[in-house]
Amino acid sequence: MIDCTARVEAGQPIDPHLRDGAVVCLAAGVHPARLVIEQSLTLRGEPGAILDGTLDGSRGGPVVHVPGDQLVVKVVGLTIRGGAGDAGGGVRLSGWSELTLEECVVEDNEATLAGGGVGGGALAERGKLSLLSTRFGNNRASSGSDLYANGVATVDIQGGEFGGDVFFVDGVRATVTGSRVRGKLGARGTTTRAPSVSLRGTAVDGGIENDPNLPAALVVEDG
Amino acid sequence: MLQQSTRAPSKSKKGGATPEAAPGAAPDKQSRVGNAALQQSVENQGQSAIADEEISSWLGAEREPPHGASTDGPLGPMRPSAVTSGKWGALIGPNDTVELTANADGTGGKFTVPDGKSAKVIEAKGDKIKVEVRVDKEKKQGWCATSLFSEQPMLNKDDDAAGMQDDFIYAKQKGDHTPVDPKGSDTAQGAMGDCYFIASMAAIANASPQAIKDAIKYNSTKDTYTVRFYEEEWGGKYKPVYIEIDSYLPTVAGNRADPAYAGEPGGKLWPAIMEKAYAKWKGSYQAIGQGGYGAQSMAEITGAKSQEKSPSSMKVEDVIPYFEKAKKDGMAIYAAVENSRQSDAQFPFRGTGDGPFNATITHTHRWNHVVPGTMRVTDKAGKMKGTVSDNGREGDATGKLLGAGAESGNVDYKKHTADLKFKAGQGPAKGEDLEMRFSYQGAVNAEKLLVANHAYAFEGVVNGKELQFYNPWGTWQPKPITPAEFLKHFTNISVNKAPTGSTQA
């Protein structure tokens, strides 16, 4: 039995229910939303619940954005779609917080800013992003169509499925376990540091592109 | 015209300078510097975490002769201490052309490339290197002296992805060694999709010109520039990172005075210097042209964390006070316009029977274009069952129309045309019944010249009631927009406050 502090019907506003410690349950159907989450909380979708970032015919801004520090946010059982932005179309973690997506679907989002958008499905810049049994598909971006992790983010992926590309950049620490990447998995450092990427039991159909000049510290086990 | 969604629409917008002659004498020595920390930096190709005191000390210190240049000769480009396969750079020598031979010993077929030609090192053997260059759209390999090689950031990809922009020539650019009265309008984006970085520079120059001045130091004895960026560390602190570059910039074919990326002929040099250093730090022009965002790049320039705000959280009456206060507080403001906008329904197909039905897609502005993968065609009369969709992906010129009994269908995103043919009896009663919708990019507000999928730098509040933004293309400047227009079209604001006062020790 799930204890919901609030249950939101499709089409009703979600923001008023975003409070510290809340468990906000979203009913089946489409929930138009671009959520900026600044509290520790859980968003739980009932079967068929969709968060859609397309508002008034316009696409702009991530569907779920966690910009704050020291938050713990969980998103469970939701389809996240219709988001768009210069960075992080569907999901964006830009604060020193923990964001977990569990059994979610992240699809049809885009980050294509002037040819330079990153992280169509999701972008992690700092903090910790955990993707548990979460599927990505049909997301678009110049780099990292499904996932782009950058800066000083920690990424933990378990049982993930990516229809597109995944890209780890800069000082990221990433662990990918029991997952499948149908696109490319790219990695590139800067001249001052390199990402650390560990792949365990993970298939990468599109190949691993570890930048030859600024490579990541890459470990592949049982792949 | 270049594709508006990926780069600035044109170069040479402000006219300018007389083309410059080819670079002068080639250096003949390896880099030697007197500071141990800097020596390490050079060896690591810019990798350094040198403390401010160290770099300041170095900037003011007497130094050994620069990158191989003789003490009394003209200064040349930066030369790497070691050349290995896989390195990108340019062939820069004393003449207008560089000769390449089929064999390392100088024998075999010969061909020449323009001085400054982009090249990738394939093999290094003694004092000779084998490089790959592009000549007339074809890749060719040849040998030359190692001393001709200058390591430079790899160029960006061509639009058509056929290869790198290898026709760009690295040429020495002249300009103010120290940014003079830097402002946002000094910037002009070039042939790659780094509007996020150009807009970031512009926003900071508008709000805190001293931060730009402090970030760039000219090293007179070496004829190089050291650009200071900041890197966020685990825990959230920012540490300075110093990247040294020369002033050899990629230029458009045929005009060695026209920077291919940031900058204009005769324009301010600092944006191109900062962009080149950023490219070197991040790995290449290709790397920064593939993606980034203002919140990060502004922080990397100032060393202060950016704050973000969603316009959707603002009310119309909040907009002007917010921007007025931000400007008063010295905040650099970067803002991004919505990625795309949903079209109104249109009924462009003409034809009968099972087709073919042909359509000319109507746009509200000649710049606008369909976002591939977003087209949906339905039958308002209901004879055609289901929805026909296009299968295009970002960057595609054409796509297929599939589904709902379509036997064949095509859409040309650039020519704005579509055609559809149905299986027997599965089409609409008439072409006019087919309703088309799609997302579009381009001029989402043509009257105000606002471009979708693009970043802008805030300039100021006009007459207390409208906002003026700067387009980092350096052209197509938007007209002042109302708060309502801002909330309708802009989807992200990133603000950054540079430390006050001079940060140069």
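The values are calculated or read from the model by the stated rules, or taken from the named source; none is laboratory data. Being a predicted model, the structure only gives us computed values, none of them experimental. Glycine gets a Cβ as well: all are built from the backbone with ideal geometry, and neighbour counts include every protein chain shown.
Yes/no per residue for (1) touching a Phe, Trp or Tyr at 6+ places or on another chain (Cβ under 7 Å); (2) closer than 22 Å to B:Phe149 by Cα; (3) not in a loop (DSSP other than H, G, I, E, B):
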site: B:Ile198; (1), (2), (3): no, no, yes
site: B:Ala203; (1), (2), (3): yes, no, yes
site: B:Lys222; (1), (2), (3): no, yes, no
site: B:Glu231; (1), (2), (3): yes, no, yes
site: B:Tyr242; (1), (2), (3): no, no, yes
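Taking segment B:276-285 as the region of interest, how many residues are more than 10 Å from chain A (Cβ to nearest Cβ) and touching a Lys or Arg at 6+ places or on another chain (Cβ under 7 Å)?
Adding up the residues that qualify gives 0.
Just to check your reading of the model, which residue among A:Gln39, A:Gln70 is among the polar types (S, T, N, Q) and more than 27 Å from B:Ser297 (Cβ to Cβ)?
Details: A:Gln70 fails: more than 27 Å from B:Ser297 (Cβ to Cβ).
Step by step, each of A:Gln39, A:Gln70 is checked, and only A:Gln39 is among the polar types (S, T, N, Q) and more than 27 Å from B:Ser297 (Cβ to Cβ).
Does at least one position in segment A:144-158 carry a residue that is away from chain B (no Cβ under 14 Å), within 20 Å of A:Ser179 (Cα to Cα) and either over 12 Å from the mean Cα position of the chain (by Cα) or without any contact (Cβ under 8 Å) to a residue 12 or more places away in the chain (or both)?
Yes, that holds for at least one residue.
Would you say B:Ser313 is more than 24 Å from the chain's Cα centre (by Cα) and surrounded by fewer than 20 Cβ atoms within 10 Å (Cβ to Cβ)?
Numbers: more than 24 Å from the chain's Cα centre (by Cα): yes; surrounded by fewer than 20 Cβ atoms within 10 Å (Cβ to Cβ): yes.
In short, yes.
Tell me yes or no: at least one residue of segment B:382-393 is closer than 30 Å to B:Ser208 by Cα and out of contact with any strand residue (DSSP E or B) (no Cβ under 7 Å at 6 or more places or on another chain).
No, that holds for no residue.
Would you check which residues across segment B:467-486 are surrounded by 19 or more Cβ atoms within 10 Å (Cβ to Cβ) and in contact (Cβ under 8 Å) with a residue 24 or more places away in the chain and list them? Step through it out loud before you land on a result.
Residues of segment B:467-486 surrounded by 19 or more Cβ atoms within 10 Å (Cβ to Cβ): B:467, B:469-474, B:478, B:481, B:483, B:485-486.
Across segment B:467-486, the qualifying residues are B:Leu467, B:Phe469, B:Tyr470, B:Pro472, B:Trp473, B:Gly474, B:Pro478, B:Ile481, B:Pro483, B:Glu485, B:Phe486.
Select from segment B:406-417 the residues that are surrounded by 17 or more Cβ atoms within 10 Å (Cβ to Cβ) and part of a loop (DSSP other than H, G, I, E, B) and write down the one among them that is nearest to the chain's Cα centre (by Cα).
In this case the residue turns out to be B:Tyr413.
Show the residue pairs meeting these rules: Cβ distance below 6 Å; 6+ apart or different chains; first residue within segment B:200-211 and free of Cβ contacts under 8 Å to residues at least 12 places away in the same chain and closer than 14 Å to B:Gly460 by Cβ; second residue in a helix (DSSP H, G or I) and of a type in the set (D, E, K, R).
Qualifying pairs under 6 Å: none.
Would you check which residues across segment A:50-81 are surrounded by fewer than 24 Cβ atoms within 10 Å (Cβ to Cβ) and in contact with a Ser or Thr (Cβ under 7 Å, 6 or more places away or on another chain) and list them?
Applying the first criterion (surrounded by fewer than 24 Cβ atoms within 10 Å (Cβ to Cβ)) to segment A:50-81 yields A:50, A:52, A:54-58, A:67-72, A:74, A:76-77, A:79, A:81.
Listed by number, the residues that qualify are A:Ile50, A:Pro67, A:Gly68, A:Asp69, A:Gln70, A:Leu71, A:Val72, A:Lys74, A:Val76.
When only residues in segment A:178-209 that are out of contact with any Lys or Arg (no Cβ under 8 Å at 6 or more places or on another chain) and of a type in the set (S, T, N, Q) count, which is surrounded by the most Cβ atoms within 10 Å (Cβ to Cβ)?
Per the criteria, the residue is A:Ser179.
Yes or no: B:Ala424 among the small types (Gly, Ala, Ser), assigned to a helix (DSSP H, G or I) and surrounded by fewer than 21 Cβ atoms within 10 Å (Cβ to Cβ)?
The answer is no for B:Ala424.
Conditions (1) at the interface with another protein chain (Cβ under 8 Å from one of its Cβ atoms); (2) within 11 Å of the chain's Cα centre (by Cα), marked per residue:
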| position | (1), (2) |
| --- | --- |
| A:Leu43 | no, no |
| A:Lys74 | no, no |
| A:Trp96 | yes, no |
| A:Cys104 | no, yes |
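Are there any strands (runs of 3 or more DSSP E) wholly within segment B:292-344 with 2 or more residues that are more than 8 Å from every other protein chain (Cβ to nearest Cβ) and in contact with a helix residue (DSSP H, G or I) (Cβ under 7 Å, 6 or more places away or on another chain), and if so which?
B:332-337
Might you let me know whether segment A:121-140 holds any residue that is within 14 Å of chain B (Cβ to nearest Cβ), under 19 Å from A:Pro215 (Cβ atoms) and either touching a residue at least 60 places away in the same chain (Cβ under 8 Å) or in contact with a strand residue (DSSP E or B) (Cβ under 8 Å, 6 or more places away or on another chain) (or both)?
Among the residues of segment A:121-140, not one is within 14 Å of chain B (Cβ to nearest Cβ), under 19 Å from A:Pro215 (Cβ atoms) and either touching a residue at least 60 places away in the same chain (Cβ under 8 Å) or in contact with a strand residue (DSSP E or B) (Cβ under 8 Å, 6 or more places away or on another chain) (or both), which makes the answer no.
How about segment B:115-131: which of its residues are assigned to a strand (DSSP E or B) and crowded, with 22+ Cβ neighbours inside 10 Å?
Residues satisfying the conditions are B:Lys117, B:Ser118, B:Ala119, B:Ile129, B:Val131.
Go through segment B:295-349 residue by residue and tally those that are under 20 Å from A:Thr54 (Cβ atoms) and of a type in the set (D, E, K, R).
The total comes to 3.
Residues being assigned to a strand (DSSP E or B) and either touching a Phe, Trp or Tyr at 6+ places or on another chain (Cβ under 9 Å) or within 12 Å of another protein chain (Cβ to nearest Cβ) (or both): count how many of those fall in segment A:45-63.
Going through segment A:45-63 one residue at a time, the tally reaches 5.
Tell me the residue from B:Thr187, B:Thr224, B:Thr178 that is crowded, with 24+ Cβ neighbours inside 10 Å and polar (S, T, N, Q), please.
Result: B:Thr187 is the single residue among B:Thr187, B:Thr224, B:Thr178 that is crowded, with 24+ Cβ neighbours inside 10 Å and polar (S, T, N, Q).
Could you list, in sequence order, all residues of segment A:199-214 that are modelled with pLDDT of 95 or more and either within 14 Å of another protein chain (Cβ to nearest Cβ) or touching a Leu at 6+ places or on another chain (Cβ under 8 Å) (or both)? Don't jump to the end; show me each part of the working.
Within segment A:199-214, the first condition is being modelled with pLDDT of 95 or more, and the residues that meet it are A:199-210.
If the condition is that a residue be modelled with pLDDT of 95 or more and either within 14 Å of another protein chain (Cβ to nearest Cβ) or touching a Leu at 6+ places or on another chain (Cβ under 8 Å) (or both), then A:Leu199, A:Val204, A:Gly206, A:Gly207, A:Ile208, A:Glu209, A:Asn210 are the ones that fit.
Out of all the residues in segment B:90-103, is one or more surrounded by 14 or more Cβ atoms within 10 Å (Cβ to Cβ), within 25 Å of A:Thr192 (Cα to Cα) and modelled with pLDDT of 85 or more?
Yes - at least one qualifying residue is present in segment B:90-103.
Residue by residue, here is whether (1) part of a helix (DSSP H, G or I); (2) more than 21 Å from the chain's Cα centre (by Cα) holds:
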position	(1), (2)
B:Ala404	no, yes
B:Asp419	no, yes
B:Ala429	no, yes
B:Glu435	no, yes
B:Val444	no, yes
B:Asn453	no, no
B:Phe469	no, no
B:Glu485	yes, yes
B:Asn492	no, no
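Being of a type in the set (Gly, Ala, Ser) and modelled with pLDDT of 95 or more is the filter; apply it to segment B:209-246 and report the residue that is nearest to B:Gln468 (Cα to Cα).
Looking at the filtered set, the residue picked out is B:Ala211.
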